[in-house]
Every structure is written in C-alpha cells, then in structure tokens.
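This report concerns only the one structure given below.
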Amino acid sequence: MAVGVLALQGSFNEHVAALRKLGVKGVEIRKPEQLQSVNALIIPGGESTTMAKLAEYHNLFPALREFVKMGKPVWGTCAGLIFLANNATGQKVGGQELIGGLDCMVHRNFFGSQLQSFEAELLIPKIAAEEGGPPSFRGIFIRAPGILEVGPEVEVLADIPTPSQKAVNFSPNESQEENAGSENNVIVAVKQGNLLATAFHPELTADTRWHSYFLKMVSDTSEDASSSSISQSTEDQKNFKPQLYDLPIYQQQ
Ligand code: GLN
C-alpha cells in the first residue's frame, strides 16, 4: 500500500512519520504524475493560500480533482480540509483555488488567529468503536477551520462547542456530551465516501487512530493492494496500543 502525502508545504513530514509507525510508506507528492503511483492521498495542514499557489504553480489541481473523482481515498487535515471543501469562507482577498469534492461549507481560521490555537479533548465515538482506545482524542487546533454546514452525504465524526461558548471547558464532560450535534457546536471531523477531513492535526500527536482509520478506508477501496500488505498493516493496527500524551501548545480558556 502506498499512500501519497502532498508535500508542497506544511506538516507533511509528520504524516509520513505517522504512516511509518503503522508500517506504511508515505510517498511525497509534488508533481501531478506522482499521483499515479499511490492509491490514496493525505493533504496536510499548513497555510492553504500558500499551498494553493504552489499547487497551481505545479499544475496539480486537475490531477488532484481527478484523483478525488476516481474515488481514491483522500484525507485533508486543517488546510487540507479547506482544500477538499466545495465551499470556503473567510479566505484572503481573491480567495484560493480548491480541489472540492467534500459537500460542506468551511470557515477558514474559524477559531481565530495563531494565538487562539488550542488543544481540546474531542469525543470520537465512531473512531473509538473501530480503532479501540479511549473514547476521546486530543485535538490540536492551529489556526483551525470549522465546518459550518454539511450536505446529506456527509457523516459528522466530531464536533466541539463554538468559540461563542468559550466558557465551556473543552473536555469530554457532560456539557460537551449534551451539546454534541447541537447547533451550538461546530463540526471538526467528517467523512463523505472516499473523503476524510479533520480541522485538527492528528499527525502532531502520538495517537495514530485517525491514520489507522484512514488506512482501513484505503484497504477497503484499494483493488491493487496485495493481501499480504493489508494483513501486515491490520496486524500492526491490532498490536498498536494508543498512548495518551501531552503536547502543550495553547489551552482554550
Ligand atoms: N488557517 C490555515 C489556512 O487557512 C490552516 C491552518 C493549518 O493548517 N494549521 O490555511
């Protein structure tokens, strides 16, 4: 199984390292033709305007759109989520080109500037049910986008209280459970068919459950993956014990 990681800018090295932990090679993608050698793609976080300019310079947009349309699994984290959205707001003047495919409206820098970056415990019922481990995940939000609206095909995997409720402690406590799915929450992780998107950065944590979840999407859709490489990675995932760790960045008050 070869998973491409768009390597124009941003946290692509961290995704490659997380894949390596799970026994999968991450292939750095910088040119359109390189997409032919991979059966899935991760679009990392970074700065979406810069990334879009670089993608345009390297003439990557047509090949990226084709990759999405072919039904190959693509996971966008943070700026990568913005790339995958059909609609974005809060963009710089003139906007930026998007790949599209994900039926949602994303708000760039929804949580504010770099200084408003924060960490939050997110309830992730579906991921925990499929990948095991604790019911929550430490989400790292760095100038993160928020998903304001989703289409009917989109499955919501995680949400958190909106900044207007900053007084709410971002931890998996009762108040968050009560709020789950409510209109006061903003969506931060979704899946739509072959597309996965997270507003936060799983690649900056030691908990690889989002990566292993994505790899299962890849092995479910990949016809070419040899059965031995699938069973090896399934074996790795079975043996993987998620660790809780702390990466102090900013704590939302
Ligand atoms: N807000 C950034 C952007 O619009 C994304 C931040 C990130 O990827 N960490 O590109």
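Read the figures in this text as sums done on the coordinates, not as results from a lab. All values reported here derive from a predicted model rather than from experimental measurement. With ideal geometry, Cβ positions are generated from the backbone for all residues, glycine too; neighbour counts draw on all protein chains shown.
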Test result for A144, part of a loop (DSSP other than H, G, I, E, B), touching a residue at least 12 places away in the same chain (Cβ under 8 Å) and within 18 Å of the chain's Cα centre (by Cα): yes
The stretch 42-57, residues that are without any contact (Cβ under 8 Å) to a residue 60 or more places away in the chain, near the ligand (Cβ under 8 Å from one of its atoms) and of a type in the set (S, T, Y): T49, T50
Flag for G4 being away from the ligand (no atom under 16 Å from the Cβ), over 22 Å from I187 (Cβ atoms), assigned to a strand (DSSP E or B) and touching a helix residue (DSSP H, G or I) at 6+ places or on another chain (Cβ under 6 Å): no
Among residues of the stretch 88-106, those that are near the ligand (Cβ under 10 Å from one of its atoms) and not in a loop (DSSP other than H, G, I, E, B), counted: 2
I42, sole failed condition from (1) more than 13 Å from the chain's Cα centre (by Cα); (2) in a strand (DSSP E or B): (1)
Residues of the stretch 123-137 satisfying the condition of being outside any helix (DSSP H, G or I) and under 20 Å from E155 (Cα atoms): L123, I124, G132, P135, S136, F137
Residue in the stretch 20-39 that is within 14 Å of the ligand (Cβ to nearest atom) and crowded, with 19+ Cβ neighbours inside 10 Å present: no
Yes/no for G76 being near the ligand (Cβ under 8 Å from one of its atoms) and either closer than 13 Å to A144 by Cβ or polar (S, T, N, Q) (or both): no
